[in-house]
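Data first, discussion second: the structure below is written as structure tokens.
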Amino acid sequence: MLKAITFDFWNTLYTAAPYAFALRRKFMFEVFAKNHIDVSVEQVDEAEEVARQTWNRVWRDEYRTPPAADWVRWMLDELLIQLPSDVFKALADYFDRSLLDANPGPVLTDGAAETVQRLAQRYKLGVISDSGLSTGRTLRHFLKRDSLLDCFTCTTFSDETGVSKPHARIFQIALDRLGAQPHEAVHLGDLTHSDIAGAKAIGMQAVRLTANYDDTNRSIEPDAVVQSYAEFEEWLEKQG
């Protein structure tokens with residue numbers, strides 16, 4: 001019998017998109033202007049790409065999600081720019097919290113809110129998510145905004161656990177908080193490398209959601225592939 005369900009955040013509960021990109025870029029150029037630093041958009045684009053590639057390498061190879069401060073540092077190193085420590089901290093902090101200023105901010109996947117609210121009446125629910133540039137502290141604001149935070153027994157983010165999916169520790173931390181054994185839980189997510197592989201390795205069931213992103217990685221077979229939250233609920237009903 002299933003006792004617990006865990007959800008990925010990006011492209012599962014919420015649609016992933018560059019919601020805060022323009023805000024972060026604007027703030028960075030304002031910081032440069034105030035500090036009499038002259039750089040071109042093209043140079044910043046190139047530095048951003050270096051940071052993105054470095055972040056992705058660390059995420060995939062070291063099973064952790066570097067904080068926004070690392071991303072900003074990689075960009076500045078590429079640009080050969082050194083900022084005063086207080087200015088650097090303000091810039092890095094804004095790269096995290098800028099998502100709160102985005103309009104629109106993160107958008108729920110179709111059907112996610114209704115399904116979560118229904119399932120919370122029958123199962124213990126949790127979030128297991130890699131944080132990206134925005135921390136778990138920031139992302140919880142959107143669960144609260146959409147009246148979903150109280151539906152979850154726990155919300156587990158990689159910046160707080162020190163490891164990212166597919167590392168077993170982040171799944172085990174969530175399971176311990178949910179009071180469930182791996183065979184009593186299922187994880188819903190969109191990425192084979194992190195969501196499906198991590199959940200299956202620890203002994204959970206894993207369902208891949210394609211509503212926002214259909215991962216072409218087929219290296220690990222999920223227990224099911226669903227296109228919508230309605231299909232996920234149908235699959236759950238068949239589990240008894």
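The values are calculated or read from the model by the stated rules, or taken from the named source; none is laboratory data. Model, not experiment: these values are computed from the prediction. Don't worry about glycine lacking a Cβ; one is built from the backbone with ideal geometry, like all the others, and counts go over all protein chains shown. All accessible areas refer to the heavy atoms of the entire protein, side chains included, with ligands and DNA or RNA removed. Shrake-Rupley method; radii C 1.70, N 1.55, O 1.52, S 1.80 Å.
Among K26/K144; K124/K144; K34/K89; K144/K200; K3/K200, which pairs are too far apart, with a Cα-Cα distance over 20 Å? With Cα atoms farther than 20 Å apart: K26/K144; K144/K200.
Where Rh is the Kirkwood radius over the Cα pairs of the chain, the temperature 20 °C and the viscosity 1.002 mPa s, what D in µm²/s does Stokes-Einstein return? It diffuses with D of about 114 µm²/s by this estimate.
Relative to the longest principal axis of the Cα atoms of the chain, the long axis of helix 136-145 lies at roughly 60 degrees.
The long axis of helix 21-34 is offset from the longest Cα principal axis of the chain by roughly 20 degrees.
Contact order, relative form, for segment 20-179: 25 percent (alpha carbon pairs under 8 Å, 6 or more residues apart, mean separation divided by residue count).
The protection proxy used here, the mean number of other Cβ atoms lying within 10 Å of each residue, ranks peptides 100-106, 188-194 as follows, highest first: 188-194, 100-106. With the simple model of a label 7 Å out from the Cα in the direction of the Cβ, S228 to D93 spans 4.4 nm. The separation of segment 17-31 from segment 188-240, counted between C-alpha centres, amounts to 33 Å.
Using a Gaussian network model of the chain with C-alpha springs under 10 Å, which one of D45, D159, D223 is most mobile by mean-square fluctuation? For the chain, modelled as a Gaussian network with Cα springs under 10 Å, the answer is D45.
For V107, the solvent-accessible surface with a 1.4 Å probe is about 70 Å², rounded to the nearest 10. Using all pairs of distinct alpha-carbon atoms, the Kirkwood hydrodynamic radius of segment 64-198 works out to 16.5 angstrom. Mind running the shape call on segment 1-108? Use the C-alpha gyration tensor, a ≥ b ≥ c as the square roots of the eigenvalues: rounded below 1.5 for a/c, prolate if a/b tops b/c, oblate otherwise. Prolate is the answer for segment 1-108, as a/c is 1.5 or above and a/b outweighs b/c.
The trypsin sites (Lys or Arg not before Pro) of segment 72-135 that DSSP puts in a loop, and whose beta carbon has at most 12 other beta carbons within 10 Å, are R122.
Name the most mobile residue of V44, V225, V207, meaning the one with the largest mean-square fluctuation, in a Gaussian network model of the chain with Cα contacts below 10 Å. Most flexible of the set in this elastic network: V44.
Once you compute Rg and the Kirkwood Rh from C-alpha atoms, what is the Rg to Rh ratio for segment 127-168? In segment 127-168, Rg relative to Rh is 0.98.
For L191, the residues whose modelled amide H falls within less than 5 Å of its own, excluding neighbours fewer than 5 places apart on the same chain, are I196.
For the chain, adding -39500 (n - 2.57) for each run of n ≥ 4 DSSP H residues and dividing by the number of residues yields -14000 deg cm²/dmol at 222 nm. Computed from Cα positions, the angle between helix 41-62 and the longest principal axis of the chain comes to roughly 40 degrees.
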